[in-house]
Structure formats: C-alpha cells, structure tokens
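Colleague: One structure follows; several queries about it will come next.
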Amino acid sequence: MSDYRQIKVLPENLANQIAAGEVIERPSSVVKELVENSIDAGATEITIEIQEGGKSLIRIRDNGKGITHDDLQLALAPHATSKIYTLDELESVASMGFRGEALASIASVSKLKIISKHQSLEDAWQINNQTREVTPAAHVTGTTIEVSELFYNTPARRKFLKKDNTEFLHISDLLKKYMLCYFGIAFRFIHNGKEVKDLLLAEDAQLKYNRVLDLYSRDFIENAIYIDKEVGDAHLWGWVASPRFNRARADMQSFYINGRIIKDKIVSHAIKNAYKDVMYGNRYPAFLLYLDMDYKEVDVNVHPAKSEVRFRNQKFIYDFLFGTVNKAITTSADIEVDKPTFRDDIQEESNSVNNPLNIGNMSLDISVEDEQEESESNTSLLDKYLNNQNTQENEIHISQKPKSSGLGQAICQIHGIYILSQVDEGVVLVDMHAAHERILYEEMKKTWHADADKFKQNLLVPLTCQLSSSIVATIDENIEVFEKLGFEISVVADDAILVRAVPIYVKNKDIQELISNVATELVSSGKTKSVDFYLNHILATVSCHAAVRANDKLSIPEMNHLLRQMETVENSGQCNHGRPTWVKLSFAQLDNFFLRGR
C-alpha cells in the first residue's frame, strides 16, 4: 500500500504554474495575453518584437493609458485586475481580459519586466518578477512588457516547443487576426530585428479594404461580397467569399464577436449550411466576419483562453448568420444582365417548341428504360408539374443584335456537353447538365414552397420497401417529417414499410433510396435539421436525374433559353453539388495565351 499523502494548500508559485498551463501553452499564448492588455488599455499603436520565435524574448510596447505606481505592485498578483469589480460586470464583460490571471501566469514561467507611465502622471515606473520592487524608469505614456526565457524554470514544457520558425508562424497568424479586427490600431511586428509588418491606422472604408487586401489575399477580396446587416442590437458586417473562391482547408475563416476572436459550433454550423447548396465536396468557404451585439447576450467566461463563447439565444444567432450569409452569396451569384431590346419582326426558330427537349417549359422526353417502370399516373403527374411553367417564353421576339451581356449568345454545343457562347468581353463555356440541374432544383424549391400540398401523389400500387430494422425504427419515430415531405408511409414489419404516397417529383426507382437517405440523416443529425434540409436533399437528387444529359442535342434557341434562365435563377454559378456551371474566358486571357495584342 502506498504512503498516505496529506492534503496541502499549494504554494502560490506552483498554483500559478498550474494556471499557466491552462493559459500559456507557447509563445503565441503570451503574445495573445499581452496584446489584449494593450487593446484594453486603449492603445492606438502596438509594437510586437520577438526573438527566436518568442522563446528568448517577447516585447510588447503600446501607447495606452499606462499603469500607476500603486497598480504596478498588484499587476503580478493572481486574480488582480482592473477590468471587472462585480458579478454584474462579469456577466456583461466588454474588455478582452478579465480573469486577472495572465500576468501572474506569465511571470511564473518566465522572466518578466513591466515599464509603464500612466497618462495622468509625469513619472514612469518599472517592476520585474525577480525582485517584485517598483523602481523609477524612463518611458513615454503607455506600457512596455518584456518576457524573456519562456519556460526557463519548466524545462519539460520548454522541450515541447517547436522550431523557431514554427513558433514565429503561430505568432504571425495570431497577430494577423488582431490586425484584421482592430482597424483603429497601428501595428508593427518585428522578428529577430527584421520588420515583418508595419500597418498604419485603417479607420475609413478604403483603408480597411486595403488592410484586408494586404493580410488575407487579393484573390479573396476580389471574390468577396461585403455584407452589413443589423437586426435589433445585433450588427453583422464583413466579407464572405463567393462560392467559387473556396479552400481545401478552413484557413481563411475568421469570426469576431465584439472584437474577440472566437470559434463556436453554432457560428460554424450556420455559415457552413449557408454555403451547403453551392459548395463543392469537402471544400471550405472563406470569410471575415464581425458580429457586434449586446455584451449581456454572449457569455465569454467559458474557457480560460476565452476562445469559446455561449449565446443566450442560439436560435437567433443561427438564423441571423445563416440568413444573412446565404442571401449574400445567393445574390452575388446572380449574373449581371443588360436586358435585350425586343422587336416583333424577328422571331426565334419555332422548332424549339417541337424539340424533344424543351428548356423553355421544362418539358422532358427522357427515353431511358427506367421510365418504362413508372406508373401511368406518376409519369403524367411529373409531366404536368414540369410543364407547369410559362409557355409564353417560347414566343419571345428578340432584336437582331441583342446585347451579349450576362452569359451572352450561344454559338454551338461542344461534344454534347458544353455550350459555347459569345459575350462582349470574350467567350463563355457552360456545362449544360450542371446548369439545367440548378435551374430545375431552384424552380422545384420555389414551387414546393408556394403550394406544398400539390406535391403529394398517391401511388396506383402501394410500394413495399425492405429496409434494416434500425432504419424502419427511425422512420416510425419521424413519420411527421416524412409527411411534411410528401410521403405517406406505414410500418408493416420490423424491417419493412408500405409507401402509399410520394412527392410528385419523385420517380418510382428513387423512392426506397430517398426514404433510406432521409432516415439515415435523421439518425446522424438527431432531429436538429429542418424539413427544408431533407426536402433539398430530395430535390437535388430528382433534379440531377431530370436534367439534360451529355449528348442531348439542343438547338441554338434552346441553348440561349438555358442561358437566359441561368441569368435569373439563384445560385446558377454552381450545380446542386457545388461544381461550377460556367466559366468566362476574357479576350485578355485569350490574347495572353496566344501571345498577341489587341
């Protein structure tokens, strides 16, 4: 049996080192705490100087309010802070720091010196963690904090630090986040005596734009949509990249709440879902967003590093972010069009009405073997829906020289897959299947939301589906979800269901697969997703199956009609799977390739 060990109160230094383990993980953690102190002090200029990736020296200098002689004596004490005094202040904290742990934690694992002059006093003072004595010093208004030999007294932790360049990159990435948020602060960053970044104040719109251009990338800012939306006390603003500008990693995603860099599942989920319809595969969107809101509505006292928050009204935050971002990227996807002038004496080729595939009214003649399996009722109802568009579009009269704005005028089909069109600035290539898939998808969504009741159809012969017992159990627990989607289902055995009605746009061959997919999603999401999510999943599958295919021949008028529809449909730049539907090659690009001038 091991020796009995008495319970003892830990020495202050050991307690501080344990606290430091939660807050100070590496040099960038020190920089974070000290820069946030400078921000809280009202600084408009902050200089960050490091050596050897911050291992040997971190020096932060600011022009903030400064610290008085008496406060310097308390600055290194644990749980000593000027940020909050009461519980009410904690529940609506506006400052970056508030725990009173940072300086004490840093001092417990390094050699630390503070030099400061308060704005209301003439003299400057200094203190270090070796002597803990306050002595006179020379300094302008503001504060300089030097941290040297980080983890010198905890060699095991120092051993886990990475190479100098790796630690430098961590600090550089961190500082970029502050630089992208605090436009009212001039930042200077120096590493091993070399200036890395020198940014002036950026308080007007153009200077903010220039700073984002400098720190994020030109590609991002040129493909970004600026948003500015207020609802009640919540104000969301910043930049979201168009779906075409996407990343292999989530390395261009910055979100700030009341000036605080945070990572939050509600935020991530809302923005991810806002892009869901238009983002390809496992790609990631890029964004730089700022949310300003009532401090009482967000709890920042969740994690020692203050990188996580809790919202008092999570649903509002989700809906606000999702709605604003989704609307922005949807609107940006619209293609700029100068509408053609119309004349009555020149008519498009009339044979488009009799063509087997008529894009104008979305009437489809799909000659595949699977269609023979459809019931007469199912086929006629599907045709009725797909034909329920404005057939007058076939009678449009256009001018002899329509403006080739937007996606231009079709020239030909290439390999039965692409449409080549001509615009004033060059040429456009359109993936006709991907484009038509998006058009059908958006039209079906619009029609379903307008009158969902009309989308339910009874099967002439009820369909029995054999499924796993777990899937059947999920269906039984979520019958109301399937009913809202247009299904009428009865559970007839532990591993079987009877389907009496389906959404009008679903083909017989897709029924079992779609029901199974929806049930699987319900299991994985735990009912957190809306009916619209499952509806969109079904419509995406149906529109993919119904869209024109490779080698379907289109006439020039049909191609042009497809282009015109793309110019008016939301999110037409991407298909339902997030792949691009069209690309424009400018004359400048073509001339550059062929080495010719114009």
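The values are calculated or read from the model by the stated rules, or taken from the named source; none is laboratory data. Computed from a predicted structure; not experimentally measured. Positions of Cβ are backbone-derived with ideal geometry, glycine not excepted, and every protein chain shown enters the neighbour counts.
Colleague: Would you please name the residue that is surrounded by the most Cβ atoms within 10 Å (Cβ to Cβ), looking only at residues in the stretch 140-162 that are over 13 Å from residue 27 (Cα atoms), among the β-branched types (Val, Ile, Thr) and in contact with a strand residue (DSSP E or B) (Cβ under 8 Å, 6 or more places away or on another chain)?
Modeller: Here the residue is 143.
Colleague: Within the stretch 163-172, track down each residue that is touching a residue at least 40 places away in the same chain (Cβ under 8 Å) and either in a helix (DSSP H, G or I) or crowded, with 18+ Cβ neighbours inside 10 Å (or both).
Modeller: So in the stretch 163-172, the residues touching a residue at least 40 places away in the same chain (Cβ under 8 Å) come out as 163-168, 170-171.
Those that are touching a residue at least 40 places away in the same chain (Cβ under 8 Å) and either in a helix (DSSP H, G or I) or crowded, with 18+ Cβ neighbours inside 10 Å (or both): 164, 165, 166, 167, 168, 170, 171.
Colleague: Now a separate question. When the residues of the stretch 455-471 are filtered to those that are in contact with a helix residue (DSSP H, G or I) (Cβ under 8 Å, 6 or more places away or on another chain) and of a type outside the set (S, T, N, Q), which remaining residue is farthest from residue 520 (Cα to Cα)?
Modeller: Out of the qualifying residues, it is 460.
Colleague: Moving on. Can you tell me which residue is modelled with the highest pLDDT among those in the stretch 45-95 that are assigned to a loop (DSSP other than H, G, I, E, B) and among the aliphatic types (A, V, I, L, M)? Spell out the reasoning first.
Modeller: If we filter the stretch 45-95 for residues that are assigned to a loop (DSSP other than H, G, I, E, B), which is where we start, we get 55-56, 63-68, 76-86, 92-95.
Applying the additional criterion that residues be among the aliphatic types (A, V, I, L, M) yields 67, 76-77, 80, 84, 93-94.
On the way: 67: 90, 76: 82, 77: 74, 80: 56, 84: 45, 93: 50, 94: 48.
Residue satisfying both the conditions and the ranking: 67.
Colleague: All but one of (1) over 13 Å from the mean Cα position of the chain (by Cα); (2) small (Gly, Ala, Ser); (3) modelled with pLDDT of 90 or more hold for residue 305; state the number of the condition that does not hold.
Modeller: Residue 305 satisfies all of (1) over 13 Å from the mean Cα position of the chain (by Cα); (2) small (Gly, Ala, Ser); (3) modelled with pLDDT of 90 or more except (3).
Colleague: On to the next question. Does residue 499 meet the test of being surrounded by fewer than 16 Cβ atoms within 10 Å (Cβ to Cβ), modelled with pLDDT of 90 or more and either of a type in the set (Val, Ile, Thr) or closer than 28 Å to residue 432 by Cβ (or both)? I'd like the intermediate steps shown before the answer.
Modeller: Numbers: surrounded by fewer than 16 Cβ atoms within 10 Å (Cβ to Cβ): no; modelled with pLDDT of 90 or more: yes; either of a type in the set (Val, Ile, Thr) or closer than 28 Å to residue 432 by Cβ (or both): yes.
In short, no.
Colleague: Working carefully through the options 120, 116, find the one that is touching a Ser or Thr at 6+ places or on another chain (Cβ under 9 Å) and part of a loop (DSSP other than H, G, I, E, B).
Modeller: On the way: 116 fails: part of a loop (DSSP other than H, G, I, E, B).
When all the criteria are applied, what remains is 120.
Colleague: If I filter the stretch 112-140 down to residues being more than 11 Å from residue 72 (Cβ to Cβ) and touching a Leu at 6+ places or on another chain (Cβ under 9 Å), which single residue comes out as modelled with the highest pLDDT?
Modeller: This residue is 112.
Colleague: A further question follows. Only one of these is modelled with pLDDT of 90 or more and under 22 Å from residue 276 (Cβ atoms): 433, 449. Name it. Before the answer, list the steps.
Modeller: Values: 449 fails: modelled with pLDDT of 90 or more.
That would be 433, the only listed residue that is modelled with pLDDT of 90 or more and under 22 Å from residue 276 (Cβ atoms).
Colleague: How do the helices (runs of 4 or more DSSP H) wholly within the stretch 522-594 filter down when requiring 2 or more residues that are among the small types (Gly, Ala, Ser) and touching a His at 6+ places or on another chain (Cβ under 9 Å): which remain?
Modeller: 531-546
Colleague: Evaluate the following for residue 42: is it modelled with pLDDT of 85 or more and small (Gly, Ala, Ser)?
Modeller: Working: modelled with pLDDT of 85 or more: yes; small (Gly, Ala, Ser): yes.
Spelling it out, residue 42 is indeed modelled with pLDDT of 85 or more and small (Gly, Ala, Ser).
Colleague: Could you list, in sequence order, the residues of the stretch 216-246 that are assigned to a helix (DSSP H, G or I) and surrounded by fewer than 19 Cβ atoms within 10 Å (Cβ to Cβ)?
Modeller: 218, 219, 222, listed by residue number.
Colleague: Still on this structure: If only one of 506, 492, 548 is touching a helix residue (DSSP H, G or I) at 6+ places or on another chain (Cβ under 7 Å) and either exposed (fewer than 14 other Cβ atoms within 10 Å of the Cβ) or closer than 15 Å to residue 444 by Cα (or both), which one is it? Break it down into steps so the answer makes sense when it comes.
Modeller: Working: 492 fails: touching a helix residue (DSSP H, G or I) at 6+ places or on another chain (Cβ under 7 Å); 548 fails: either exposed (fewer than 14 other Cβ atoms within 10 Å of the Cβ) or closer than 15 Å to residue 444 by Cα (or both).
Within the list 506, 492, 548, the selection yields 506.
Colleague: Pairs please, first residue from the stretch 54-65 and farther than 10 Å from residue 144 by Cα, second anywhere and basic (Lys, Arg), Cβ atoms under 8 Å, 6+ apart in sequence or on different chains.
Modeller: Hits for this filter: 54/26; 55/158.
Colleague: Within the stretch 143-151, is even one residue in contact with a Ser or Thr (Cβ under 6 Å, 6 or more places away or on another chain), among the hydroxyl-bearing types (Ser, Thr, Tyr) and either at pLDDT 85 or above or in the same structural domain as residue 65 (by TED's automatic domain parsing) (or both)?
Modeller: Yes: one or more hits.
Colleague: Has the stretch 436-451 got at least one residue that is outside any helix (DSSP H, G or I) and either in contact (Cβ under 8 Å) with a residue 60 or more places away in the chain or surrounded by 14 or more Cβ atoms within 10 Å (Cβ to Cβ) (or both)? Let's see the steps before the verdict.
Modeller: Narrowing the stretch 436-451 to residues outside any helix (DSSP H, G or I): 451.
With either in contact (Cβ under 8 Å) with a residue 60 or more places away in the chain or surrounded by 14 or more Cβ atoms within 10 Å (Cβ to Cβ) (or both) added as a condition, the list becomes none.
The answer is no; no qualifying residue exists.
Colleague: Considering only the stretch 419-432, state which residues are crowded, with 18+ Cβ neighbours inside 10 Å and either assigned to a helix (DSSP H, G or I) or without any contact (Cβ under 8 Å) to a residue 40 or more places away in the chain (or both).
Modeller: Matches in the stretch 419-432: 432 only.
Colleague: Now, a different point. Looking at (1) in contact with a strand residue (DSSP E or B) (Cβ under 8 Å, 6 or more places away or on another chain); (2) buried (at least 18 other Cβ atoms within 10 Å of the Cβ); (3) modelled with pLDDT under 90, find the lone condition where residue 456 falls short.
Modeller: Failed condition: (2).
Colleague: Suppose we keep only residues that are modelled with pLDDT under 85 and among the small types (Gly, Ala, Ser) within the stretch 308-353. Which one would you say is nearest to residue 255 (Cα to Cα)?
Modeller: 332
Colleague: Determine which member of the set 159, 177, 117 is over 30 Å from residue 291 (Cα atoms) and either touching a Pro at 6+ places or on another chain (Cβ under 7 Å) or touching a residue at least 12 places away in the same chain (Cβ under 8 Å) (or both).
Modeller: Working: 159 fails: either touching a Pro at 6+ places or on another chain (Cβ under 7 Å) or touching a residue at least 12 places away in the same chain (Cβ under 8 Å) (or both); 177 fails: over 30 Å from residue 291 (Cα atoms).
Among 159, 177, 117, only 117 is over 30 Å from residue 291 (Cα atoms) and either touching a Pro at 6+ places or on another chain (Cβ under 7 Å) or touching a residue at least 12 places away in the same chain (Cβ under 8 Å) (or both).
Colleague: Read through the list (1) touching a Pro at 6+ places or on another chain (Cβ under 6 Å); (2) at positive phi, then give the number of the only condition that residue 571 fails.
Modeller: Single failed check for residue 571: (1).
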